[in-house]
Every structure is written in structure tokens, then in C-alpha cells.
1. Could you pull out the residue among Val359, Val339 that is within 21 Å of Ala244 (Cα to Cα) and touching a Phe, Trp or Tyr at 6+ places or on another chain (Cβ under 7 Å)?
2. Which residues, counting only those in region 357-369, are without any contact (Cβ under 8 Å) to a residue 60 or more places away in the chain and closer than 29 Å to Arg322 by Cα?
3. Output yes when any residue across region 319-328 is closer than 20 Å to Val232 by Cα and at pLDDT below 95, and no when none is.
4. Quick check, is Val232 touching a Ser or Thr at 6+ places or on another chain (Cβ under 7 Å), under 18 Å from Cys85 (Cα atoms) and within 16 Å of ligand 3 (Cβ to nearest atom)?
5. Any residue at all in region 75-94 that's buried (at least 23 other Cβ atoms within 10 Å of the Cβ), among the charged types (D, E, K, R) and touching a residue at least 12 places away in the same chain (Cβ under 8 Å)?
6. Select from region 139-159 the residues that are surrounded by fewer than 24 Cβ atoms within 10 Å (Cβ to Cβ) and out of contact with any helix residue (DSSP H, G or I) (no Cβ under 7 Å at 6 or more places or on another chain) and list them in ascending order.
7. Going by what's in this entry, would Ser161 be described as polar (S, T, N, Q) and within 16 Å of ligand 3 (Cβ to nearest atom)?
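The values are calculated or read from the model by the stated rules, or taken from the named source; none is laboratory data. Only a predicted model underlies this, so the values are computations on that prediction, with no experimental measurement involved. With ideal geometry, Cβ positions are generated from the backbone for all residues, glycine too; neighbour counts draw on all protein chains shown.
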Amino acid sequence: MPGLVPGIHDFLFLGQDVDGRDRPGHDAAGIAGVVMTYIAKPKFQHPGLPKNDLGYTHRDYEGKVSTLCAGCGHDSITASIIEACYELSIEPHRVAKISGIGCSSKTPDYFLGNSHGFNSVHGRMPSVLTGANLANRDLIYLGVSGDGDSASIGFGQFAHSIRRGVNMTYIVENNGVYGLTKGQFSATADRGSKSKKGVMNTDNAIDLVAIALQLGASFVARSFSGDKAQLVPLIAAAIRHKGASFIDVISPCIAFNNHAGSTKSFDYVREHNDAVNRLDVLTGRDPITVDYAPGTVQVVEQHDGTRLALRKIDADYDAHDRLAAMTFLQKHAAKGQVVTGLLYVDPDAEDMHTHLDTVETPLNTLEAKELCPGSSALEKINASLR
Ligand SMILES: Cc1ncc(C[n+]2csc(CCOP(=O)(O)OP(=O)(O)O)c2C)c(N)n1
Ligand code: SF4
Ligand SMILES: [Mg+2]
């Protein structure tokens, strides 16, 4: 293994990952001789780069150089997360990005390099995020996961974090395979779809959007990694939403699931996509300009005063009706259509802290004297239990 070069850590031989396993997708990157597992980006910024309200440029929301296969859908999602955080003028130190294990779960390393981050165990992102959120409700929580991470090993964890209404943006980078471990079908792979080697998937698929709706998520959307115009405002709106926001992003794995026979390939999703609405997020600071014809815009006011302007494609689609969203989804799935857009939002959602009636002050900042009720209070509690 070659030695370290300043700024470049850990050279690996072409087509291998950290553990020395073959990574055919990395060949596609065309890097002569080696693949870097992590490269710090140069700090230099062009002085003319546009700045947001905080005076930050896009560069301030970036992370390290991605080591995913060139063309991986996950990298496009990373770009959309960076764009959404830039547009919202989020202070990077107020974000906690938490992930599991997988190519998708590696991506938090590639955005928000100045934020808090925790790369946890396969399928365990939701419980780590829930615990962090309980301890410090003041941070913005971004949960990044894969379809294997959330629909297979972490299915229970996913379900409980959604039903508890944890205030978070939960993004699944859904490619229908275990990309990191070389392309086995995941639980979101459609029945009848084929693996790269031609093996037919005979199991029924789990639709995480349908499950999230059923479990009470108060913001539910689906998008496509290659549709930045749709994905950026969806992520921005999900971050501003108070409650459990879930976004399933179809994200083709170019190494193992981007061939004819896959229902998560670029071509398949482009051909079968049916967008229910197009969405912009208007923050309080922006002038409200609506330049579309009357009757084509639906404005949804969120808890924090931000509004979602939905440019409707289906005239009768109502993003406030959970039951209708479930039916809509199933009806289109039966026709082989992938519905994208904001499927459901409850603007008055409550989160886990409201359910638990916790104090407004983050628990991790409470002093011992505030946490300990004192012996007389304890005696009272004990007496009530006798
Ligand atoms: C407890 C545990 N079981 C299994 C694995 C092996 N493993 C690592 S990543 C992964 C699947 C990743 O798939 P997904 O979450 O869809 O991410 P992708 O790589 O496709 O983005 C598996 C099974 C592991 N790391 N830990
Ligand atoms: S998900 Fe697929 S394309 Fe993306 S880095 Fe992993 S193996 Fe490569
Ligand atoms: Mg996957």
C-alpha cells in the first residue's frame, strides 16, 4: 500500500475498497492506478462565489471528496443536500448528520464538513438519532440511510423513529441493492426485477413511502437523485418541517443496479416517473412572488411560518390527505409508475418532544439541580406509589 501524501489519506489499488474488496464501479472513475478513500478538499474559495444570508458560499457546506463510484446517484443527493442547506442559510454547526453503514451511509462525509456527524452501525441510525434528538432538541437532525440499512436490517428502527415523530429529515438513498457489499437485492427491490447477473427477485418489495405514511410520518415525499429541481426544495421543506420528515430518493447504483431489468435504474425511473407536484420553499425572508396561473398553486403554511408552494400537475392531488396519498401511491404502483413529489404533509404536526412533554431547554444543558427533584419531591412520588 503506498504511503500517505499530504491531503490524501489511504491510497488503495484501483477497483478496491477499504477492505481490499473488488469495486468494479470504481474502475469507471478512470483514475489511473489508484483510488483514494478520502481526500480533503482544498480550502481555497474563489472570492467571487455567491454568498447566502450568513455570508457562506456553497463551499462552506461541502465535505470531503467523494470516493463513491463516478456517476453514483448518492453523489447527486449529496449535491442536493448541500444546495438545500446553502439556500436555507443553515448554520453548519447546528446540524447533526447521522447514518448507518453502506455507500449511502458514507455520504455524510461528503457534505456539511463543519457539522456534527455520527456514522453508526448498520441499520441503527434511527435509534442513535432519536437519542441525540432527545438529549439536544436544538439541533437540526439529518438521518441518511440506504434501502438495505432501513428496509432490511434497520426496518424496525426505521418504523419506530417514524411512529415516534422524531423531528428529523430521514433520507433513504434507495437503489434496491446492497451497493457496498456488491449488489445483493435489498428489501425494496421490486418483485420480478433482475440483478446484474440476471437473477430474478421473487420476493415482494417493501415500499418505505407507503410504510412511512401508514406509521404517521408528517412529511412524506419521494424523489429521484437525478432530479435536483425537485429534490432540493423537498429537502429544504423537510428540514423546515417540525416532525418526522421522510424522503425516499431513488438513487441508481451504477455498479450493480443500472441495467435493463432493474426498476431502480436511471432509464426505468425516467420512463415511469409521475410527479404529483412541483415544489418551492419560500422562507420568511424571501419576497412572496407567485408567478403561476391562479388555480395551479397550492400554498401550505408550515409550523414555523414557512410556506410550501406546490405547483400542481394533477389538478386534484391534495397533499394534506394521508388516506388519499396512500391510495394514490398504490394505484400508480399497480400501473408500474413511480410517484414522485410531496405526497403528504401535516403542517400542524407535533414531534416526539411535544408527545413526551419535555422542557424547551435541551436536556444536555440542564444542571444537576434542575434534573434532581430533591428528596421531598421523591418522597411524594414514593408515597403516591404505596
Ligand atoms: C450488522 C451488519 N450486518 C451486515 C453488514 C454488511 N453490510 C454493510 S453495508 C450493507 C448493505 C448496504 O446496503 P444499503 O443500506 O442499501 O446501502 P448502499 O450501499 O446500497 O448505499 C451490508 C449488508 C454490516 N456492516 N453490519
Ligand atoms: S451504491 Fe453502487 S454506484 Fe454507488 S458507490 Fe456504491 S457500488 Fe458504487
Ligand atoms: Mg442500497
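1. The conditions single out Val339.
2. Correct list: Asp357 only.
3. Yes, there is a match, as at least one residue in region 319-328 is closer than 20 Å to Val232 by Cα and at pLDDT below 95.
4. no
5. no
6. Ser152, Ile153, Phe155, Gly156 - these are the residues of region 139-159 that are surrounded by fewer than 24 Cβ atoms within 10 Å (Cβ to Cβ) and out of contact with any helix residue (DSSP H, G or I) (no Cβ under 7 Å at 6 or more places or on another chain).
7. So Ser161 fails the test.
Okay, residues lined up against (1) more than 20 Å from Val95 (Cα to Cα); (2) part of a helix (DSSP H, G or I); (3) aromatic (Phe, Trp, Tyr); (4) within 15 Å of ligand 2 (Cβ to nearest atom):
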| position | (1), (2), (3), (4) |
| --- | --- |
| Gly165 | no, no, no, no |
| Thr169 | no, no, no, no |
| Leu180 | yes, no, no, yes |
| Lys196 | yes, no, no, yes |
| Ile211 | yes, yes, no, no |
| Gln230 | yes, yes, no, no |
| Ile239 | no, yes, no, no |
| Lys242 | no, no, no, no |
| Ala255 | yes, no, no, yes |
